[in-house]
Structure formats: structure tokens, C-alpha cells
Amino acid sequence: MQIKRRTFLKGALAGSALLSVPLIFDSKAQAREELKPYKPDKVTFNFCEMCFWNCTEKVFVNDGKVIKLEGNDKSPLNWGKLCAKGQAGIKTLYDDNRLKTPLIRVGERGEGKWKKVSWEEAFEFAAKKFKEVIDKYGPETIALEMHGTGEPGIHRLFEVLGGTTNFAIPAYSQCTGSRDIGFYYTFGAALGGHEPYDLSNSRYIILIGRNETESLHVSELYHFAKAIGNKAKIVYVDPRYTHTAAKADKFLQIKPGTDTAFVLALINVMVTEDLINHDFVEKYTTGYDKLKPHIVKYTPQWAESQTGIKADEIIQIAREISSFAPNCIIVPPRRSTRYGFDTQLSRAIAIANALLGNWFQPGGFFKANKIKVPNADMPDVEESKYAQLAQQRNAANAVLSLTNLPNTTQEIVGVLGLDNVLWEAIRTQKPYPIKAMISYGTNPLFHNGDSNKIKEAINKLDFYMVVDILPWEHTLYADIVFPESTYLEKYDALKSISWKYPYVHFREPAVDPVYDTKDIWAIVHGIAKHMGLGEFFPYKDAKGVFFSSLNQMPKDQRDKLLKDGVISLGPIPEDVDLSGDIDPKVAYQKMLDAYKKAPFNPYPIALGEDVSFNTGSGKIDIYCESLKEGGFDPLPTYTPPNKSKKQNEFRLVFGRVAVHTHARTQDNEWLLEHYDDNSVWINPKDAKAINIKDGDKVVLVKGNLKSPYPVKAKVTDKIIEGTIFIAHGWGRFSPYVTRCYKKGVSDAEFCSNDSDPVSGAAAFLNSFVSVEKA
Amino acid sequence: MFERPKKEKNYAMVIVQDRCVDCKACEVACKAMWEVPDGKLNYRTKVLDIEKIENGIRKMTFMPILCNQCDNPPCVWVCPTGASYKRKSDGIVLVTPNMCIGCKACMEACPYDARYYNEELGAVDKCTFCLPRLESGLEPACVQTCVGGSRNFGDLNDPNSIVSKLLKEATNYWVLKPEDGTFPNDFYISNSAKTE
Ligand code: SF4
Ligand code: SF4
Ligand code: SF4
């Protein structure tokens, strides 16, 4: 039944007449049932897999059902907190749309017609297919893309099958690649998945399109909120007013693709007004002398013409942030796959931070630490006959053959791969045919730009294998689908994470699998056994892998882990608290003194330790020789973004909402309550030009492509003129995920598939589309 | 003049408004915890997005709301059956489901829109400050998971509780709709780095 609710802010005077009734008198006390304290039957330990931050958690179970998820308050990662997605993990566990048995395709690719098969049949089928591909084309023609905690399991199978370099972790090429390469060339360190931003101790934070509150990870956001509590000054730069803008002291609505101009101008002011941290720059960096003449032309006035941000504003911000050095930070965007010049932006941001001297300093970048844990005991994969065959054949890395990347980038790509280029290699079958692909926990039809090309690519494969939890769109194209258990139904390998506060946590099943699913270690074990490679998987499932590492741990560590669900190094010193009437200098000193006694040290530079950098020079490379040698810019430069050639075409940008992860939570009932369809944000001026009103149903059009499911137009000046915004992960076309089927418009289909020349990572935001009434 | 009644424990929520980041973790945690039926209109707590333009600058505020466990609770006064009541010991306002006839008078009387009708229960339901959790030594579910560290809970009678400290140090605090004379136990402050 619908209940008409009163508007919250409307004054209601119901209580005022009763001011004289201060009594609490319960005449019915006898009639009431006694309240029972809350007590679950069972509590198990886990870490969240609703996104890849992996917050440590406890799972409450009653009558064999998971009833509540709760952050583990002993974990220094998330201090007992989970986000909405984490809290809603229960609804993924009990989603009746889940993959329930192994499936073998019987219809055409894309049709989604399957037959249910037993696990034995499924293993046999996959084994046969892999053998065929190896015999016919060689092991190097097997490819893999993967995302999630099970990566080591599927990657091990890939290596045992003789798979070589043709694999990718999309988190690099589709997300953080350009940012990480930029920092790697500057500091000799990639920032990684758990970024070393010391937000909680920062007094001035500039976020360059880093939407902390909506593209959210619990601890980073918690630390950001702590900074708000400390009255840190926050500047947020984005073409769109997001919820992070709402938390900022200053929101700068920048023209899309011009962030590098903004940052170069900040550097210009810092250099010309001599605001830099001289001690730090002299001691730890190289190439400042070359930066000085280079930066002259990037004046604030010039930047104003590019970015639309007033020169005075830029000057003021540069002065302000410098005055807080080193306890301040310029935060780069996490998903930095935008315009194809993203490494230049990342380099500029890295250099600006270096000039502030905030590396390994409170409020800047902390040093991550890690607790060593033993690996599970397993034979060397190189002994596998297919691995040896691959070694003999010594095939080229397909992705590197198709690109022309600087040497250092090639090394990193060798480890993380380039998913965008890998799919292109499959589509074009160049430089040699790639014939088998495994997608583990990742949906290529939603993480690639111009995603219809992926369908073409899949059709070039002899064998496409998918391991996932729900029947998402890519499963419709798979030859075989393996249903994986959710994180609440399985063990997993022991996990030690490198972070400000190092910690180890583990996963154990809270309940038996709800459907006929297995963990990834059991899946790869099954396939390998059917190929005669069983010896490389001595454990029949993740439980064995977990206990093998656990049993090698020192007893006291192990006991503590099993008792608390997490181990960390403590006691952990408290963050600075500037909320009272305290001199900040004193507050920082107090914290640093505490760290002098701590068993780990996130601020070695602040504490006067000698630090060297993993770069060519051993220092922070403001000027990068190795880029120069490869024929790339040794100092960051600016290229203006591309322009639309037609009238009334808009740049398509996308981003996340706080309650969904990528394209993998859109079927979750509780999250759908908060966000169940995306809308097209369009500026009022643009909307007027094409005669669209707020709430109109619209579709996106680009060439022959038209989005199939109409969505609402949201007419708002929160988005800058000439640009439209949609939330990522919608436009769902798998009929088997019934809660989100036919909902929204897909960014992947419409965005660009360009790439950045230095990182090789994708560039998604160079696409222009038109908006039409549905 | 109304005087707040004396209670053994004076449970209160102190919400640091600036620290709410609208992540909705609290809403989902609460739904999971108390089996609040699916559907946007069913909630015990909610975060409102309030938007206005001031001097040409957009201001967006996130405001967590929940039952205020009012010391002068109109919802209790209007309940014809006594299903809605306020506990003497700690001031928590509860509904006894089997006494509730579903007349919804309390929903109309509450100035804060803090109650909903639970079809599955056949009774009106509302925030209990997670009383059953408190009795097991746990914090309220929304407080425990609050990503921004915006929600703080404790006993105002204890001068060392986080809520007492926050109110003591706050330069300014407010309650919602004071003009309604409900004497809320949810307090709002703007800014603090403290959390527990
Ligand atoms: S940030 Fe949220 S979804 Fe990600 S691991 Fe933590 S609780 Fe889970
Ligand atoms: S907030 Fe509403 S439901 Fe809660 S005690 Fe006050 S009047 Fe009653
Ligand atoms: S959990 Fe906390 S920060 Fe998140 S929306 Fe709720 S009150 Fe706000």
C-alpha cells in the first residue's frame, strides 16, 4: 500500500499543545513481550568482494542464512565500516538470478541458449577445448582477463596451460593505467589499487576529478570525511557537480579534457612565485632546473583560456596549497582513462606534488607497508609440459607488438597487460591468431569502449570461457559458463595487503553454496585434472590453498588471525585532530612522535629516514630521461581535447554512483532501491537547443548506433555545457538479470576506444553523441 | 514549561552533518538489520539531499534523519492502543507490534516522517536506536557502518561518552523542528574530526 508521506520540512505543530505532559508512563508495560538482545547463531570472518577494496568483515548467520554483514572493527582498513554495496552483499548471495550450474552453449553466440551440464561434463568440455586450441595453434593463443580475489587461481591455470603474455588485468588499462604510469615515471612507484593518499591528515586537498564520495572505497572516504572534520580546505575540479563537489569548499567546473592545463598553471605559479618546498626539491628531485624554463608558457591566464577557470582563482589556489606544504595533496583521478593525454596529466600532478614535498609526509602520500605471509605450497608452474612448449615457441607478446610504448611501460604492461589492446588483437587476429579467451569476474562488453567491437572479437575465438556469479551479457556469448560461489560461500587464499596500516585477513564460508557453484580454485583444479595437469593443483579447492598458507604461519600469528579475522601491526597511532583549539604544528609533532614508536612507518621522510626512489636517477624524476630516450616528452605538455565536428553533439562522460560497483551490482535489490536506472545529464542550454525538457525520455545516437532503452533526461547545470553525463554500468541486455534487464543506456557502447601513447591505457571520453527524444 | 524527563540512560545520536557523504551505507545496514521490507518508502532511517543556490553558489547538504526518540513524543500521545510507548529507563520510543492496529495516527503525528507501515509485520515500525543490539553490546547498525563517521551514539548521562564530548566541544548544535516542542534526542553539529 502506498502511504502519503508528509513533506519532511513542512512545519507540523502536533507536539506543541502537549508541552505540559512530561511524563513517561507506560500503563501497558505488562502486556508487552520482553525484548530479546540481538544474537546471531554464528559469526564468520570474511572480506567484502562487492568491490575490490576488500573491506574486512564479519558475517552474522541465523538458521543457516546470512542475515547481516558488518565491518570488522579490528581491521585498520575499514574500522568496522562497510558501504552500501558491502552491506547489500546478502542480496547478491541470495539473488535468484544467479548462475546455478555450469552451462554449455547450444545456440548462436549472443543468443544465450545453454544446456545445463554436470561439473564433470563441464570440466571435460573445457579441457577438450583447451587441448584443441593448444594442439592446433599453440599455447600462446590462449588469453585471459581477470578481476577479483580469485585472480591467482585462474592465472595459475593460465600459466599451466602454457599461456604466456596475453593476459590482462583490466584495472590497469581500463582504469588506473595512465595515473600509475605517470607516477611510476616520476616517483618510481605506481599508486596501485589501495592508494597511498593520507587524506585524514591533510590540510589542503585538491581533487582532480577524483570523486571520493561516489567512486567510493570505505577507508579512503572515511579519511576524506576526517579531513572535513579537521576543516581541511577542499578544492574539487570536475566538469560535473558531484556529491564530492558538495563536500568541497570550492568547486571548479572545468572544461572536460583540460585538467592538465589547470595543473601546469598551478606549477607555473608555484615556480614563478617561488612557492616550492626548496629543501625537499633539492634533496629528492632531479630536473627542476629544466622544469623552470619549460613551465613559463603555462601561465594562469593561458590556463583560463583552456579550462574556463579564472586565472586569479588558479593563482590563489597555488598560493594556498603551498602554504600548507607538506601537509597537503593534489589527488589524481583514479580512473584516468579519459582523453589519451592522461599520462601527461598524471605526470603534471606527480610533479606538482613533488614541488610541495609531500611524499611520505602526513597529509600527502604515505608509505605503504606489508606483512609477509607464506604462500601455499604448490609445484612450479614452469614444469608443466605446456609451459615448456610455450617457452620453446617463444611467441611475441601480442599486445606489445601492436603498440609502441616506452620501455618502462612495456615492463609494466608485461605484468598487468593491456585489456583494450588484447581484445583488438583478438578482433584483428594480429599479430597472430588468439583462439581462446577466459573472462574471470569481468565483463568485456561493459569495460571496453566502442564495445560492440568486442562481440565481433568473440566471434573470432574458438573457445570463450566465462567464470562469473550472474548471467551478465558476456555470458550470452560464452561457450562455457562456470558459476562461481560468492565470497560468502567459500574460502579464498590468505590476503595480505600493502597499505598505510598493513594487515592480513581471510575469508571462510558463512553458509554452504546456495546453488551448485564452486570456488575458482576448485574450478581450475577440475579443468587441470581433466587435462592431465592435476599435479599442479594439489588442493581440490580454495580451502586447501588457504590452510596450506595458514599452517605455515607462526602459531601466535595464526591464532590471532583465526580469533579476530584480521591481524595488523599495532598499536596504531591516532590521526591528527585539529577540531579543538590546537596548534597544528603541535598536533602533527604528536602524531609523528607516536609513529617513532610504532612497528611500521608510513612517513619515513618526515621522520628523517634516508629514502631513495626506484627511478633511473634514484631521485624523483621531474625531468624524465627514459621518456626522452624513447622519444616521449620528458616534461609534461598540454594537448587540447578533441572537438565535436557537428552541431548539437555532446561529449559523453561517465562515472560511478555511490551504490554500485562497475557493471556488476545492477541486479542487487537493495542497491536498486537507491539507483535503478541511469539518466542523461544535460546542461539547460544544450537541452534547450535540442528541445529536450527535464524528464523527457531520450536515447543516445552515434552514427548507426542508437541506444535501445530510453532513459530520462536530467536537465541540470551541474553538468557543463557541451557535455552529457551518464552513470556507468547500465544498458543491460541480458534477459537473465531480470532486475536490471533493459534498464539504462550503456556508456561502453558509445564511448571512445582511444588510447594513451605513454601508458597504452584506454581513453574513453573522446566520443561525441547526439541526444534524441525517444 | 516542558522539562526533559530524567532517565537512567539518556541515549542520543549526535550527527556531524558536514561529515555525511551520502553513501547510504546506513540505510542499507538498517534495512538488513531489521528486515525492513524492500521498497523506497519503507525505512527507519534515511539521508536527505537538500539543495539550494545561495548567492549564485550551489549548496548541497546531506542530512541523515531517523527517529528522534522525542522526550515529548506526539506519536506516543496519539496512539489509541498504547502500542507506541516511551521507555522509562532510556527514553527509547518503541512500538509493540501485536498491539498496533495499523491506524497510522502516529505516522501523521510524527513531524519527522520517522515511521512507516510494515506490511509484513502488520504494524507500524520505526527506529529503535537498535535497542536489541545495544543490549548485546553492539552499536546501532547505522552508527557502526557510517562511512563518513557522521553518526555518533552514546549516553548523554555519561560525560565521557562520545556524544557528550561532541556536544560539549561543539560551538553550535541544533535539533530538527524545535518549534514543534518534541524535544528530540538526535542532535546535529556541523564539524568535528572526532569519532569512535
Ligand atoms: S568499499 Fe564497500 S563494496 Fe568495496 S570492499 Fe568496502 S564495503 Fe565492500
Ligand atoms: S521522531 Fe517521530 S516517531 Fe520518533 S519519537 Fe519523535 S514523534 Fe515519535
Ligand atoms: S553512513 Fe554515514 S556518511 Fe554514509 S550516508 Fe549514512 S550518515 Fe551519511
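The values are calculated or read from the model by the stated rules, or taken from the named source; none is laboratory data. The structure presented is a predicted model; accordingly, all values stated were derived computationally and were not measured. Every residue, glycine among them, receives a Cβ derived from its backbone with ideal geometry; neighbour counts consider all protein chains shown.
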Legend entry - Residue among A:Ala190, A:Ala126, A:Ala143 that is among the aliphatic types (A, V, I, L, M) and within 30 Å of A:Gly357 (Cβ to Cβ): A:Ala190
Inset, instruction - With the condition kept exactly as written, say whether any residue in segment B:85-92 is within 10 Å of ligand 2 (Cβ to nearest atom) and within 29 Å of B:Asn191 (Cβ to Cβ). - result: yes
Inset, instruction - Test B:Asn72 against the criterion of being more than 24 Å from B:Lys40 (Cα to Cα) and either touching a His at 6+ places or on another chain (Cβ under 8 Å) or facing chain A (nearest Cβ under 8 Å) (or both), and give yes or no. - result: yes
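Take segment A:189-239 and flag every residue that is among the acidic types (Asp, Glu), within 15 Å of ligand 3 (Cβ to nearest atom) and out of contact with any helix residue (DSSP H, G or I) (no Cβ under 6 Å at 6 or more places or on another chain). Lay out the reasoning, then the answer.
If we filter segment A:189-239 for residues that are among the acidic types (Asp, Glu), which is where we start, we get A:195, A:198, A:212, A:214, A:220, A:238.
Narrowing further to those that are within 15 Å of ligand 3 (Cβ to nearest atom): A:212, A:214, A:220.
Of everything in segment A:189-239, just one residue is among the acidic types (Asp, Glu), within 15 Å of ligand 3 (Cβ to nearest atom) and out of contact with any helix residue (DSSP H, G or I) (no Cβ under 6 Å at 6 or more places or on another chain), namely A:Glu220.
For segment A:706-729, enumerate the residues that are touching a Ser or Thr at 6+ places or on another chain (Cβ under 6 Å) and either assigned by TED's automatic domain parsing to the domain that holds A:Thr242 or under 19 Å from A:Ala663 (Cβ atoms) (or both).
The initial filter retains those residues of segment A:706-729 that are touching a Ser or Thr at 6+ places or on another chain (Cβ under 6 Å), namely A:711-712, A:714.
Passing the criteria: only A:Val711.
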Inset, instruction - Could you figure out which of (1) touching a Pro at 6+ places or on another chain (Cβ under 9 Å); (2) at positive phi; (3) free of Cβ contacts under 8 Å to residues at least 40 places away in the same chain isn't true of B:Lys177? - result: (3)
Inset, instruction - Taking A:Lys39 as meeting all but one of (1) touching an Asp or Glu at 6+ places or on another chain (Cβ under 7 Å); (2) within 11 Å of chain B (Cβ to nearest Cβ); (3) assigned to a loop (DSSP other than H, G, I, E, B), write down the number of the exception. - result: (1)
Inset, instruction - Residue by residue through segment A:294-337, note down the ones that are of a type in the set (Val, Ile, Thr), out of contact with any Gly (no Cβ under 6 Å at 6 or more places or on another chain) and not in a helix (DSSP H, G or I). - result: A:Val296, A:Thr299, A:Ile309, A:Ile330, A:Val331, A:Thr337
Legend entry - Test for A:Ser346: is it of a type outside the set (D, E, K, R), surrounded by 24 or more Cβ atoms within 10 Å (Cβ to Cβ) and not in a helix (DSSP H, G or I): no
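Could you list, in sequence order, all residues of segment A:564-587 that are within 30 Å of the chain's Cα centre (by Cα) and part of a helix (DSSP H, G or I)? Lay out the reasoning, then the answer.
So the first thing to find is which residues in segment A:564-587 are within 30 Å of the chain's Cα centre (by Cα), and the list is A:564-577.
A:Asp564 - this is the single residue of segment A:564-587 that is within 30 Å of the chain's Cα centre (by Cα) and part of a helix (DSSP H, G or I).
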Legend entry - Residue tally, condition buried (at least 23 other Cβ atoms within 10 Å of the Cβ) and not in a strand (DSSP E or B), over segment A:436-446: 5
Inset, instruction - Mind listing just one residue for me: the one in segment B:28-42 that is in contact (Cβ under 8 Å) with a residue 40 or more places away in the chain and at the interface with chain A (Cβ under 7 Å from one of its Cβ atoms) and, of those, surrounded by the most Cβ atoms within 10 Å (Cβ to Cβ)? - result: B:Ala29
Inset, instruction - Return the pairs, sorted by first residue and then second, in which the second residue is in a strand (DSSP E or B) and more than 6 Å from ligand 1 (Cβ to nearest atom), the first residue lies in segment A:40-57 and is among the polar types (S, T, N, Q), the beta carbons are less than 6 Å apart, and the residues are 6+ apart or on different chains. - result: A:Thr44/A:Val59; A:Asn46/A:Glu57; A:Asn46/A:Val59; A:Asn54/A:Phe47; A:Thr56/A:Phe47; A:Thr56/A:His505; A:Thr56/A:Val566
Inset, instruction - Select from segment B:16-32 the residues that are in contact with a Cys (Cβ under 6 Å, 6 or more places away or on another chain), within 11 Å of ligand 1 (Cβ to nearest atom) and over 18 Å from A:Ala245 (Cβ atoms) and list them in ascending order. - result: B:Ala25, B:Ala29
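Taking the conditions exactly as written (in a loop (DSSP other than H, G, I, E, B), charged (D, E, K, R) and within 16 Å of ligand 3 (Cβ to nearest atom)), does A:Asp73 satisfy them or not?
On the way: in a loop (DSSP other than H, G, I, E, B): yes; charged (D, E, K, R): yes; within 16 Å of ligand 3 (Cβ to nearest atom): yes.
In short, yes.
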Inset, instruction - State all residues of segment A:42-57 that are more than 14 Å from chain B (Cβ to nearest Cβ) and either surrounded by 24 or more Cβ atoms within 10 Å (Cβ to Cβ) or assigned to a loop (DSSP other than H, G, I, E, B) (or both); if no residue qualifies, say none. - result: A:Asn46, A:Phe47, A:Glu49, A:Phe52, A:Asn54
Legend entry - Matching entry among B:Lys104, B:Lys88, B:Lys24 (being away from ligand 3 (no atom under 16 Å from the Cβ), at pLDDT 95 or above and facing chain A (nearest Cβ under 8 Å)): B:Lys104
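Among the residues of segment B:22-50, write down those that are among the basic types (Lys, Arg) and over 14 Å from the mean Cα position of the chain (by Cα).
We begin by selecting, within segment B:22-50, every residue among the basic types (Lys, Arg); these are B:24, B:31, B:40, B:44, B:46.
Within segment B:22-50, B:Lys24, B:Lys31, B:Lys40 meet the criteria.
Inspect segment A:21-39 for any residue being more than 16 Å from ligand 2 (Cβ to nearest atom), among the acidic types (Asp, Glu) and under 30 Å from A:Lys495 (Cα atoms) and give the result as yes or no. Can you show your working first?
Taking segment A:21-39 first, the residues more than 16 Å from ligand 2 (Cβ to nearest atom) are A:27-39.
Subsequent filtering for residues that are among the acidic types (Asp, Glu) retains A:33-34.
Narrowing the set further to residues that are under 30 Å from A:Lys495 (Cα atoms) leaves none.
No, segment A:21-39 has no match at all.
Among the residues of segment B:48-79 satisfying the criterion of being hydrophobic (A, V, I, L, M, F, W, C) and surrounded by 21 or more Cβ atoms within 10 Å (Cβ to Cβ), which is nearest to A:Ala225 (Cα to Cα)?
In the first step, residues of segment B:48-79 are kept if they are hydrophobic (A, V, I, L, M, F, W, C); the result is B:48, B:50, B:53, B:57, B:60, B:62-63, B:65-67, B:70, B:75-79.
Cutting the leftovers down to surrounded by 21 or more Cβ atoms within 10 Å (Cβ to Cβ) gives us B:62, B:66-67, B:70, B:75-76, B:79.
Working: B:Phe62: 13, B:Leu66: 21, B:Cys67: 24, B:Cys70: 29, B:Cys75: 34, B:Val76: 36, B:Cys79: 40 Å.
Selected residue: B:Phe62.
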Inset, instruction - Would you mind finding the one in B:Cys142, B:Cys127, B:Cys146, B:Cys103 that is in contact with a Pro (Cβ under 9 Å, 6 or more places away or on another chain) and within 9 Å of ligand 2 (Cβ to nearest atom)? - result: B:Cys127
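How about segment A:522-542: which of its residues are more than 17 Å from A:Glu484 (Cβ to Cβ) and of a type in the set (Phe, Trp, Tyr)? Write out each step before concluding.
Filtering segment A:522-542 for residues more than 17 Å from A:Glu484 (Cβ to Cβ) gives A:529-536, A:538.
If the condition is that a residue be more than 17 Å from A:Glu484 (Cβ to Cβ) and of a type in the set (Phe, Trp, Tyr), then A:Phe536 is the only one that fits.
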